[in-house]
Amino acid sequence: MFEIENFDLKLNTDFIGRNFIYVEEIDSTNSFLLDRKNGVNESGTVVLAEKQTKGRGRKDRVWYSSKEQNLTFSILLYKEFKLFEHLNLINFSASLAVANSIENLYQLRTELKWPNDVLINKKKICGILLESSSQGNKIDRVVVGIGVNVNQSMFQGQFNYPPTSIRIEFGREVEREKLLAEILNNFEFYLNKISTESNYITREWKEKCRMIGEKIYVKEGDIIKNGIFDDIDNEGFLLLRTKDGIEKITIGDVSIV
Ligand code: BTN
């Protein structure tokens, strides 16, 4: 059982999570916030579900998560037009928020994988799915969906990356309320940096990405590109050094060769 009062006591934000919706079961917290018919228009709204029946990952993958053990939630950003010019930095803010929260609370060393996975010991502890919807030709709604493997101790299913959880890495169960509040506190901190000091985010992100300088390949559909992970640019795109020069990568799955 998730104790909302306990979570609320630890939440220290201006707007993220101030409108908090807790549900036992839902198809997908991302789908819920993306659907205008549900009438949720308060920016910063967080929906946390104990179980998703159609939890989604990037590239239409399924996101598996055992009931009541983990954190599966989405954050709505509504009409935050200045932020919407920097979607990748919103992604980075979310992955940095999760990584730093795990490091601060449990002293576990995390690593970031482009574009937005959080790893511990080369295994995936968190996935992030950012989706948007437009009115006319303007994005007015961005939903940041975050799945953190917290207290689950076994994983079944097909994974493109081996999963792990905080419980497995830390050796005992942890309090989800405290972790969620810490993630949201950190997320708001990084979001504020996007408009004031965006290179703070890219700098911190690069410090936690241990693939820079490595030989990698990037797979997008049937296309595979090989090269050296040279850098990321100011907007968070991957710069791949190939024999023809530097290529900017906007989408794809990255692996070390
Ligand atoms: C990925 O690694 O492919 C992204 C996984 C994102 C999963 C989260 S769980 C909460 C939110 N609701 C969804 O349906 N997906 C995201």
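The values are calculated or read from the model by the stated rules, or taken from the named source; none is laboratory data. If you're wondering where the values come from, they're calculated on a predicted model, not measured in any experiment. Using ideal geometry, Cβ is built from the backbone for each residue, glycine included, and neighbour counts are taken over all protein chains shown. Keep in mind that these areas ignore ligands, DNA and RNA; they rest on the heavy atoms of the full protein, side chains included. Shrake-Rupley method; radii C 1.70, N 1.55, O 1.52, S 1.80 Å.
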Nearest-10 value in Å² for the accessible area of Met1, using the 1.4 Å probe: 150 Å²
Rounded to 5, the percent of DSSP beta bridges in the chain classed as antiparallel: 85 percent
Relative packing of peptides 71-78, 43-50, 119-126 - highest average C-beta neighbours within 10 Å first: 71-78, 43-50, 119-126
Alpha-carbon centroids, segment 20-67 and segment 73-96: separation in whole Å: 16 Å
Dipole moment magnitude, nearest 20 debye, the chain about Cα centre, only Lys, Arg, Asp, Glu C-beta charged: 640 debye
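Once you have the alpha carbon radius of gyration of segment 15-83, what is it after dividing by 2.2 N^0.38 Å, with N set to its residue count?
Ratio of Rg to 2.2 N^0.38 Å for segment 15-83: 1.11.
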Tally of Lys pairs whose C-alpha atoms are under 29 Å apart, taken over segment 164-232, 8 or more apart or cross-chain: 11
Residue among Gln69, Gln158, Gln52 with the largest mean-square fluctuation in a Gaussian network model of the chain, springs linking Cα atoms under 10 Å: Gln158
Over the chain, relative contact order from alpha-carbon pairs under 8 Å, at least 6 apart, %: 18 percent
Semi-axis lengths (Å, descending) of the ellipsoid that matches the C-alpha gyration tensor of segment 58-126: 22, 16, 13
GNM result for the chain, Cα springs below 10 Å: residue of Leu105, Leu83, Leu184 fluctuating most strongly: Leu105
Computed accessible area, Lys82, all protein chains, 1.4 angstrom probe, square angstrom: 150 Å²
Mean accessible surface per residue for segment 215-256, computed with a 1.4 Å probe while every protein chain stays in place, in Å²: 60 Å²
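Taking the inverse of the average 1/r across all pairs of different Cα atoms in segment 53-188, what Kirkwood radius in Å do you get?
Its Kirkwood hydrodynamic radius stands at 15.3 Å.
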Chain lengthening between Ser153 and Gln135 when straightened (0.36 nm per residue, less Cα-Cα): 2.3 nm
Accessible area of segment 4-208 belonging to carbon and sulfur atoms, whole % at 1.4 Å probe: 43 percent
The chain: proportion of alpha-carbon pairs further apart than 28 angstrom, %: 30 percent
Computed E for Asn6/Ile224 - FRET, C-beta separation, R0 41 angstrom, nearest 0.05: 0.30
Heavy atoms of Thr196: accessible area, 1.4 Å probe, square angstrom to 10: 110 Å²
Angle between the chain longest axis and helix 87-106 axis [Cα atoms, degrees, rounded to 10]: 70 degrees
Segment 1-133: C-alpha gyration tensor shape, a/c 1.5 cut-off, then a/b vs b/c: rounded
Share of carbon and sulfur in the accessible heavy-atom surface of segment 215-256 [1.4 Å probe, %]: 50 percent
